[in-house]
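First comes the structure, then the notes that go with it.
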Amino acid sequence: MLETRWILPAQVEASDALRQAVGGHELLATILARRGLGDPEAARAFLDPSAYQPASGYELPGLDRAVARLRRGIESGDRVTIWGDFDADGQTATALLLDALGCLGANVGYYVPSREESHGLNLQGVERLAQEGTKLLITCDTGVTADEEVGLARQLGVDCIITDHHDLAATLPVAEAVVNPKMLDAAHPLRELTGVGCAFKVAEALNEVLGVSANTTGLLDLVAVGMVADVASLVGDVRYLTMRGLIALQHARRVGLRALLESAGLDPAGITAEHIGYVIAPRLNALGRLGDASLCVELLTTQDLGRARVIATMIEQSNDQRKLLVKQVLDAAEAQIQREGSRTLEEPVLVLAHASWPEGVIGIVAGRLAERYGRPAVLIAEGRDGFARGSARSVAGRDIHAAIAEQADLLERYGGHPMAAGFSLAVSRLPEFRQRLAAAVARQAAEGPRPDELVIDAYVQLGDLSLELARDLARLGPFGPGNPAPCLVAGNLELVSQAIIGRTSEHRRLVVRGVDGQERTALQWHGADTPLPEGRFDLAFSLRASDYQGRNEVQIEWIAARELEPTIAAAPKAKAEVVDLRSVLDPVAAVAGAAAGQEAMIWAEGLTTPPAGARDRALLGPAAVLAIWSIPPGPSELRRAMAAAASQRILLLAIDPGLDEPGKFVSRLLGLVKHTLASKGGKVALARLAAAMAHREETVLAGLRLLQARGQIVVGAQNGDLALAPGDGSASPDTRALEKTLLELLSETAAYRRHYRTAPPESLLGD
């Protein structure tokens, strides 16, 4: 992990005119001035979309030609087909054009390729559409590099209009029109439009030409969803359209979005960009990653609330499955990083590959790793066809698409933008690709700014934090790239307590205290494994007004902590005392003696006869003495247990659960599955099942998949938990590969447990 450099707030003075213009807390005006919005009129236009003057869509090169061809197509009754994409930006763009063209009387249909077909146009699809009578093909969120496919369409008598926002190739397809904001200057207000933004500008101009401009207002909800989902830079017209779209979303007039919000438990009236990014977009993307994205287009365009609710339920199920897959791949990727050690961590870009990783979730995991390690991350799924498909995510200051494009001679296809990209290549070329990509990113690092910088907006005291301040700062939203949420810092804090939270134990809830005695609760998302400050520290955080479970309260979201230099008066935090009992013959007596009169909390898993009062990992909590009875399955589980207990004394034992041999593992897992089916209707949390097995969650999930491949069970997901059902007895051809994967995971755990028995305590516990 790279150390983050904190950039202190510049000294600026907000004018009286600015303060009067924006009102609210004085910090609001100060942040506006610091972000270059000191002019009252500019600040008003930033805060209020009705005061903003949007750019004309005709400033987009090619828009006039696209509108002219669409108008001719509508008037002559040409069969028009929209070619979409399976991510949320592509889905919303497809739905938007389908709505807009349908309202104008066009003979219009759509096609969204599956993930197996990959992003973009393909020759077979173009030929099939031509045979079905398509005369005009308009793309959404794709097509800017489709020279060959557009050429084939032209030969078959199909005109093409390309609407896309991905980076331009050296030559553009020879189409009727190419509408892409990347053709504009870097500072142009339309430059950062995504696929749905381009589609909206086409629809808006077409409606104006035909004299029905009011129709486009009802499309703005789709614009907000697609642009936020695609992590667009929220500047210029992108911010303006997103703000207007959020207002439309809050009225929830679109049947499909209303059903989706209902199934996710969200109140439309309080929808923010964060809800789109963390709740709505993952659900739409889940179906595109694991199922048929055309169902999302149907959801977004249907007028039938009953049908919308059916699709929303399917989306919830796909999203639950997506979460499980992400957890499995993330754990496997972290394990690979730890195995490879410095060879991977010293590179300027993380490049990880595995044959069993599902293509549909590697982009999400790449994003998590990029955020965690402060550098671009590339995850690659190696296919059985000899080709590998990769997904990359980047950090500020590193153009991962440009770095990948430099390796074009190794690639079958590629595309993307500076923060995200995808590609495919022959598996045999992976070693050379990894080496050359690292060199390309290293060159960018030498030429560009450091990505690991945190810009601070203001210093505050914990006692200053209020709902009024949180609501005033929210006026600066929507937040995202190009317009980050204000980063506040409270100084000289101490950590009072912390607890691991979340369905999969990946988040933290912490209580911090200032020098004035004020205490606040902070949430650290995806931070369960990150080290915490040991002494007093400064905390960087964002502030939000939360109405969770109907309670209006201030929510502090932990961004980063910086330990203060120790002072003479500061007492160092005592390390936990460790008592090594791994070689004792009578562990019960040894624990009783070593607990020194205090009751020890015993962590034991997977044992036929556990000690009295034993708890598994899900039930651990603060305790003065923690006895680690059974050998943990890995270092991550050990760290989480120690963090949950926060004990002053740790008793180290080494009882082996004896479940690392494949036969014993599968037999016990099958027994637990049968118990779950008989007594719990097949519903169980993966974390609880892993605890009962004394194994890592990814290993248990691999075991379940093997049982499914053998036809013994069916593995699904429901509300974040596993949903198990009896199988039909038919075996899958994947059985051999899954047996190999499980054996590898069991071998890793067995190796760790052997190491655990003899390693110095300080190397195990990180003292």
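The values are calculated or read from the model by the stated rules, or taken from the named source; none is laboratory data. None of these values were measured; they are calculated from a predicted model. Using ideal geometry, Cβ is built from the backbone for each residue, glycine included, and neighbour counts are taken over all protein chains shown.
Out of A627, A645, I need the residue that is closer than 25 Å to T749 by Cβ, at pLDDT below 90 and buried (at least 18 other Cβ atoms within 10 Å of the Cβ). Which one?
A645
Hand me the list of helices (runs of 4 or more DSSP H) wholly inside the stretch 633-725 holding 1 or more residues that are on the phi > 0 side of the Ramachandran plot.
none
Give the residues of the stretch 334-362 that are part of a helix (DSSP H, G or I), touching a strand residue (DSSP E or B) at 6+ places or on another chain (Cβ under 6 Å) and surrounded by fewer than 22 Cβ atoms within 10 Å (Cβ to Cβ), sorted by residue number. Break it down into steps so the answer makes sense when it comes.
Residues of the stretch 334-362 part of a helix (DSSP H, G or I): 334-340, 342-345, 359-362.
Checking which are touching a strand residue (DSSP E or B) at 6+ places or on another chain (Cβ under 6 Å) leaves us with 336, 359, 362.
If the condition is that a residue be part of a helix (DSSP H, G or I), touching a strand residue (DSSP E or B) at 6+ places or on another chain (Cβ under 6 Å) and surrounded by fewer than 22 Cβ atoms within 10 Å (Cβ to Cβ), then Q336, E359 are the ones that fit.
Of everything in the stretch 70-80, what is at negative phi and surrounded by fewer than 24 Cβ atoms within 10 Å (Cβ to Cβ)? Give them in sequence order. Steps first, please.
Kept after step one, since they are at negative phi, are these residues of the stretch 70-80: 70-76, 78-80.
The answer is R71, R72, G73, I74, E75, S76, D78, R79.
Please go through the stretch 126-142 and give me each residue that is closer than 26 Å to P181 by Cα and not basic (K, R), ordered by number.
V126, L136, L137, I138, T139, C140, D141, T142
Can you run down the residue pairs with Cβ atoms below 7 Å, 6 or more apart or on separate chains, where the first is in the stretch 379-403 and closer than 18 Å to M419 by Cβ and charged (D, E, K, R) and the partner is at pLDDT 90 or above and in a strand (DSSP E or B)?
From residues that are closer than 18 Å to M419 by Cβ and charged (D, E, K, R), the pairs are R393/A377.
Just name the residue that is surrounded by the most Cβ atoms within 10 Å (Cβ to Cβ) out of those in the stretch 444-459 that are at pLDDT 90 or above and in contact with a helix residue (DSSP H, G or I) (Cβ under 9 Å, 6 or more places away or on another chain).
Here the residue is D457.
Are any of the residues in the stretch 650-666 small (G, A, S), over 30 Å from L510 (Cβ atoms) and surrounded by fewer than 17 Cβ atoms within 10 Å (Cβ to Cβ)?
If we filter the stretch 650-666 for residues that are small (G, A, S), which is where we start, we get 654, 658, 663.
Applying the additional criterion that residues be over 30 Å from L510 (Cβ atoms) yields 654, 658, 663.
Then drop every residue that is not surrounded by fewer than 17 Cβ atoms within 10 Å (Cβ to Cβ), which leaves 658, 663.
Among the residues of the stretch 650-666, at least one is small (G, A, S), over 30 Å from L510 (Cβ atoms) and surrounded by fewer than 17 Cβ atoms within 10 Å (Cβ to Cβ), which makes the answer yes.
Just checking, which of D89, D64 is surrounded by fewer than 17 Cβ atoms within 10 Å (Cβ to Cβ), under 22 Å from A146 (Cα atoms) and either of a type in the set (S, T, Y) or out of contact with any strand residue (DSSP E or B) (no Cβ under 7 Å at 6 or more places or on another chain) (or both)?
Among D89, D64, only D64 is surrounded by fewer than 17 Cβ atoms within 10 Å (Cβ to Cβ), under 22 Å from A146 (Cα atoms) and either of a type in the set (S, T, Y) or out of contact with any strand residue (DSSP E or B) (no Cβ under 7 Å at 6 or more places or on another chain) (or both).
Report yes if T741 is more than 23 Å from G606 (Cβ to Cβ), in contact with a Leu (Cβ under 9 Å, 6 or more places away or on another chain) and in contact (Cβ under 8 Å) with a residue 12 or more places away in the chain, otherwise no.
In short, no.
Tell me the residue from R375, R368, R393, R389 that is outside the structural domain of P481 (by TED's automatic domain parsing), farther than 25 Å from R115 by Cβ and either surrounded by fewer than 20 Cβ atoms within 10 Å (Cβ to Cβ) or not hydrophobic (A, V, I, L, M, F, W, C) (or both), please.
Unique residue meeting the criteria: R375.
For residues in the stretch 515-531 being closer than 17 Å to L465 by Cβ and of a type in the set (V, I, T), which is modelled with the highest pLDDT?
T521
Go through (1) touching an Asp or Glu at 6+ places or on another chain (Cβ under 8 Å); (2) more than 20 Å from L607 (Cβ to Cβ); (3) at pLDDT 90 or above one by one and return the number of the condition R696 breaks.
All conditions pass for R696, except number (2).
Looking at D292, is it closer than 30 Å to A687 by Cα and part of a loop (DSSP other than H, G, I, E, B)?
Yes, satisfied.
Exactly one of these conditions fails for A51: (1) farther than 26 Å from A420 by Cα; (2) touching a residue at least 40 places away in the same chain (Cβ under 8 Å); (3) aliphatic (A, V, I, L, M); (4) out of contact with any strand residue (DSSP E or B) (no Cβ under 9 Å at 6 or more places or on another chain). Give me its number.
(2)
Test R34 against the criterion of being basic (K, R) and under 30 Å from I364 (Cβ atoms), and give yes or no.
Values: basic (K, R): yes; under 30 Å from I364 (Cβ atoms): no.
For R34, the condition - basic (K, R) and under 30 Å from I364 (Cβ atoms) - is not met.
So T741 fits all but one of (1) within 24 Å of H507 (Cα to Cα); (2) of a type in the set (S, T, N, Q); (3) in a helix (DSSP H, G or I); what number is the exception?
Every condition holds for T741 apart from (1).
Would you tally the residues in the stretch 98-121 being of a type outside the set (A, V, I, L, M, F, W, C) and part of a helix (DSSP H, G or I)? Talk me through it step by step, then tell me what you get.
Here is the first cut: in the stretch 98-121, the residues of a type outside the set (A, V, I, L, M, F, W, C) are 99, 102, 105, 107, 109-111, 113-120.
Keeping just the survivors that are part of a helix (DSSP H, G or I) gives 99, 102, 115-117.
Total satisfying the criteria: 5.
Of the residues I311, I315, only one is touching a residue at least 24 places away in the same chain (Cβ under 8 Å), hydrophobic (A, V, I, L, M, F, W, C), within 30 Å of P484 (Cα to Cα) and assigned to a helix (DSSP H, G or I); which?
Matching residue, one of I311, I315: I315.
Can you tell me which residue within the stretch 744-767, out of those that are more than 23 Å from G606 (Cα to Cα), outside any helix (DSSP H, G or I) and more than 32 Å from the chain's Cα centre (by Cα), is modelled with the lowest pLDDT?
Once the filter is applied, the top-ranked residue is D767.
Return the pairs, sorted by first residue and then second, in which the second residue is of a type in the set (F, W, Y), the first residue lies in the stretch 5-22 and is within 18 Å of E41 (Cβ to Cβ), the beta carbons are less than 8 Å apart, and the residues are 6+ apart or on different chains.
none
Within the stretch 617-624, identify whether any single residue is closer than 24 Å to R508 by Cβ, part of a helix (DSSP H, G or I), out of contact with any Phe, Trp or Tyr (no Cβ under 8 Å at 6 or more places or on another chain) and among the hydrophobic types (A, V, I, L, M, F, W, C), and answer yes or no.
Just the residues of the stretch 617-624 that are closer than 24 Å to R508 by Cβ, to begin with: 617-624.
With part of a helix (DSSP H, G or I) added as a condition, the list becomes 617-619.
With the extra rule that they be out of contact with any Phe, Trp or Tyr (no Cβ under 8 Å at 6 or more places or on another chain), the set shrinks to 618-619.
Next, only the ones that are among the hydrophobic types (A, V, I, L, M, F, W, C) stay: 618-619.
Yes, some residue in the stretch 617-624 is closer than 24 Å to R508 by Cβ, part of a helix (DSSP H, G or I), out of contact with any Phe, Trp or Tyr (no Cβ under 8 Å at 6 or more places or on another chain) and among the hydrophobic types (A, V, I, L, M, F, W, C).
Can you name the residue in the stretch 294-313 that is of a type in the set (A, V, I, L, M, F, W, C) and surrounded by fewer than 18 Cβ atoms within 10 Å (Cβ to Cβ) and, of all such residues, is nearest to A717 (Cα to Cα)?
In this case the residue turns out to be V310.
Can you tell me which residue is surrounded by the most Cβ atoms within 10 Å (Cβ to Cβ) among those in the stretch 249-293 that are polar (S, T, N, Q) and in contact with a Gly (Cβ under 8 Å, 6 or more places away or on another chain)?
Within the stretch 249-293, the match that is surrounded by the most Cβ atoms within 10 Å (Cβ to Cβ) is T272.
Here are some conditions: (1) part of a helix (DSSP H, G or I); (2) touching a helix residue (DSSP H, G or I) at 6+ places or on another chain (Cβ under 8 Å). A68 meets all but one. Which one does it not meet?
Here A68 meets the rest and fails (2).
Which of (1) β-branched (V, I, T); (2) more than 23 Å from V212 (Cβ to Cβ); (3) not in a helix (DSSP H, G or I) does I82 not meet, given it meets every other one?
Only one criterion is unmet by I82, namely (2).
On the basis of being at pLDDT 90 or above and under 15 Å from the mean Cα position of the chain (by Cα), does V365 make the cut? Full working, then the answer.
Details: at pLDDT 90 or above: yes; under 15 Å from the mean Cα position of the chain (by Cα): yes.
Yes; evaluated as a whole, the condition is true for this residue.
Taking only the stretch 133-181 into account, find how many residues are within 29 Å of the chain's Cα centre (by Cα) and farther than 24 Å from L98 by Cα.
3
Just one of G613, G597 is at pLDDT below 85 and surrounded by fewer than 18 Cβ atoms within 10 Å (Cβ to Cβ); which is it?
Selected residue: G597, the only one of G613, G597 that is at pLDDT below 85 and surrounded by fewer than 18 Cβ atoms within 10 Å (Cβ to Cβ).
Using beta carbons and a limit of 8 Å, which pairs, at least six apart or on different chains, have the first residue in the stretch 96-115 and of a type in the set (G, A, S) and the second one part of a strand (DSSP E or B) and surrounded by fewer than 18 Cβ atoms within 10 Å (Cβ to Cβ)?
So the pair list comes out as G109/R79.
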